[in-house]
Amino acid sequence: AHLAVLGGLALTDEALKRHNRPFKYYSSLAIFSACARDLSAEIYKIWTDLFGAVQANKYCKTLIPKSNAGRWGCVDAIERRLLDPPPGHWASCLTRAILKKLNLSESELASFKGILPNDLISLFMVRARTEKSEKSSGGEKKTKGKKDQGAAKGENPIKATAATGSVGGVDLLALEHLAEYTARLGRWRRYLLLAANDQLFFPLIRTNNLTRGPLIHLSNWLKRRGGRKLLELTCYKAGELRQEFEDLLCDESTWRGMFSLHSANEDSDARFLATLASRLILVHASHFSRRLTEVLGRFPYKILLLLKSSPACVCEARMKLATEILDTPLSQLHIVGRKLKDLYREDLEYAKRTGKLTTWLYYALSEVSNI
């Protein structure tokens with residue numbers, strides 16, 4: 001499941017590059033996770049001020065899950081946290097928290113015109129103008145974003161410490177790592193300002209999350225304890241998941257509603273999302289088929305189809321498999337098929353005639369399915 005998810009993430013990044021978007025999909029989600037965790041207290045306060053304490057407690061009281069490269073399915077948890085609130089809430093709160101932390105100058109804020117909402121730029125321009133006036137009149141400037149701004153401009157805290165003569169007893173390596181991390185967070189926040197305020201960003205999250213649904217369903221099902229997973233997958237679960245992909249591909253009403261819901265109003269973006277949704281479903285389905293369905297449809301896993309229904313029930317899949325094993329020459333059979341044919345020929349002939357299974361063969365295969 002993780003490798004199939006990775007295939008969809010790579011396809012999304014490739015499509016965004018062709019569509020001339022300046023951000024990558026998984027990188028944006030990973031950066032969002034890191035920045036939202038770092039600014040969690042500020043985001044909670046802003047959310048409370050804008051939308052009330054009830055919504056803040058519901059949507060941002062707990063930390064955003066961390067991204068984990070290698071376990072690509074974890075991206076689903078980040079996406080669901082972004083999609084849970086009403087559209088626009090996350091972008092609004094996150095943008096305000098980042099701008100407050102970065103403490104940008106008027107000229108820097110002006111560079112975001114056309115990207116960020118005009119009223120938000122005007123608000124922070126007034127704030128920057130006021131702080132500049134206070135500083136020029138001799139007032140002491142104290143803001144939470146000062147450290148972040150200094151790191152973004154390339155100031156070296158080690159040099160500053162040395163200039164004051166307080167180097168003794170200070171872990172210079174730790175200071176260097178802190179400076180590097182602070183500068184990186186500053187770059188990430190600026191990057192996230194561009195990504196989160198792109199009108200395509202949240203519809204893109206919805207598209208990826210929906211098209212990945214069957215894979216996440218498989219992952220969650222496999223994590224559940226109990227049951228004979230291999231037997232269930234071979235006999236019916238893989239077919240159910242394959243049907244989910246087909247339903248997604250044919251459900252035009254879901255995609256049409258989703259494209260209009262998140263204000264992807266431009267024709268080019270709407271066409272991009274529609275095309276990407278179809279491609280993602282096909283890519284995820286092909287990974288699922290190649291890595292799971294095709295493997296389960298071959299020997300030795302194929303013999304578990306003999307257990308698809310109870311021994312006393314007539315089963316067409318059982319009749320078909322028994323016929324295949326009996327009619328195929330030994331030289332062309334998988335070793336498991338040859339052993340079944342040698343040891344249980346009479347039982348297979350009974351299954352071929354009646355579609356039922358003898359108790360002897362049923363219990364033998366049941367023990368195998370428990371391995």
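Taking the criterion of being more than 22 Å from W221 (Cα to Cα), outside any loop (DSSP other than H, G, I, E, B), open to solvent by 30 Å² or more (accessible area, probe 1.4 Å) and of a type in the set (A, V, I, L, M, F, W, C), the residues of the range 40-91 that qualify are A41, L50, F51, A53, V54.
Taking the criterion of being free of Cβ contacts under 8 Å to residues at least 60 places away in the same chain, among the basic types (K, R) and in a helix (DSSP H, G or I), the residues of the range 202-249 that qualify are K223, K229, K237, R242.
Flag: R338 does not match the condition of being open to solvent by 30 Å² or more (accessible area, probe 1.4 Å), over 46 Å from the mean Cα position of the chain (by Cα) and either under 19 Å from L231 (Cβ atoms) or without any contact (Cβ under 8 Å) to a residue 40 or more places away in the chain (or both). Within the range 209-222, the set of residues being surrounded by fewer than 24 Cβ atoms within 10 Å (Cβ to Cβ) and not aliphatic (A, V, I, L, M) comprises N209, G213, P214, H217, S219, N220, W221. In the range 2-11, the condition of being touching a helix residue (DSSP H, G or I) at 6+ places or on another chain (Cβ under 6 Å), at pLDDT 90 or above and not small (G, A, S) is met by at least one residue. For the range 158-200, taking the residues that are outside any helix (DSSP H, G or I) and among the acidic types (D, E), the one that is modelled with the lowest pLDDT is identified as D171.
Being at pLDDT 75 or above and open to solvent by 60 Å² or more (accessible area, probe 1.4 Å) is a description that does not apply to S137.
In this structure, does L273 turn out to be of a type in the set (A, V, I, L, M) and closer than 30 Å to N209 by Cα? Here the answer is yes, as L273 does meet what is asked. So, in the range 77-129, how many residues would count as being touching a residue at least 24 places away in the same chain (Cβ under 8 Å), among the aliphatic types (A, V, I, L, M) and under 21 Å from C35 (Cα atoms)? Qualifying residue count for the region: 13.
Residues that are open to solvent by 10 Å² or more (accessible area, probe 1.4 Å) and in a helix (DSSP H, G or I) within the range 24-39 comprise Y26, S27, A30, I31, A34, R37, D38, listed in sequence order. Do we find a residue being of a type in the set (K, R) and under 21 Å from T234 (Cα atoms) anywhere in the range 342-351? Checked the range 342-351: no residue is of a type in the set (K, R) and under 21 Å from T234 (Cα atoms). Scanning the range 63-98 for residues that are closer than 15 Å to I205 by Cα and of a type in the set (A, V, I, L, M, F, W, C) turns up W72, C74, V75, A77, I78, L82, L83, W90, A91. Residues in the range 1-18 that are aliphatic (A, V, I, L, M) and open to solvent by less than 10 Å² (accessible area, probe 1.4 Å): A4, V5, L9, A15, L16.
Residue-wise test of (1) open to solvent by less than 40 Å² (accessible area, probe 1.4 Å); (2) out of contact with any Gly (no Cβ under 8 Å at 6 or more places or on another chain); (3) under 18 Å from V368 (Cα atoms).
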{"position": "V295", "(1), (2), (3)": "no, yes, yes"}
{"position": "L306", "(1), (2), (3)": "yes, yes, yes"}
{"position": "S309", "(1), (2), (3)": "yes, yes, yes"}
{"position": "A312", "(1), (2), (3)": "no, yes, no"}
{"position": "M319", "(1), (2), (3)": "no, no, no"}
{"position": "D327", "(1), (2), (3)": "no, yes, no"}
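R21 meets all of the listed conditions (1) closer than 22 Å to G7 by Cβ; (2) in contact with a helix residue (DSSP H, G or I) (Cβ under 7 Å, 6 or more places away or on another chain); (3) buried (at least 18 other Cβ atoms within 10 Å of the Cβ) but one, namely (2).
Restrict the check to the range 111-126 and report whether at least one residue is aliphatic (A, V, I, L, M), open to solvent by 50 Å² or more (accessible area, probe 1.4 Å) and either touching a strand residue (DSSP E or B) at 6+ places or on another chain (Cβ under 8 Å) or assigned to a helix (DSSP H, G or I) (or both). There is at least one residue in the range 111-126 that is aliphatic (A, V, I, L, M), open to solvent by 50 Å² or more (accessible area, probe 1.4 Å) and either touching a strand residue (DSSP E or B) at 6+ places or on another chain (Cβ under 8 Å) or assigned to a helix (DSSP H, G or I) (or both).
Looking at Y350, Y363, which one is open to solvent by 100 Å² or more (accessible area, probe 1.4 Å), hydroxyl-bearing (S, T, Y) and in a helix (DSSP H, G or I)?
On the way: Y350 fails: open to solvent by 100 Å² or more (accessible area, probe 1.4 Å).
Going through Y350, Y363 in turn, just one is open to solvent by 100 Å² or more (accessible area, probe 1.4 Å), hydroxyl-bearing (S, T, Y) and in a helix (DSSP H, G or I): Y363.
Taking the numbered list (1) assigned to a helix (DSSP H, G or I); (2) in contact with a Pro (Cβ under 9 Å, 6 or more places away or on another chain) in turn, K320 passes all entries but (2).
The values are calculated or read from the model by the stated rules, or taken from the named source; none is laboratory data. Small disclaimer: the values here were computed from a predicted structure and weren't measured. Heads up, the Cβs are rebuilt from the backbone with ideal geometry, glycines too, and the neighbour counts pull from every protein chain shown. Areas reflect the complete protein model, heavy atoms only, side chains present, ligands, DNA and RNA absent. Shrake-Rupley method; radii C 1.70, N 1.55, O 1.52, S 1.80 Å.
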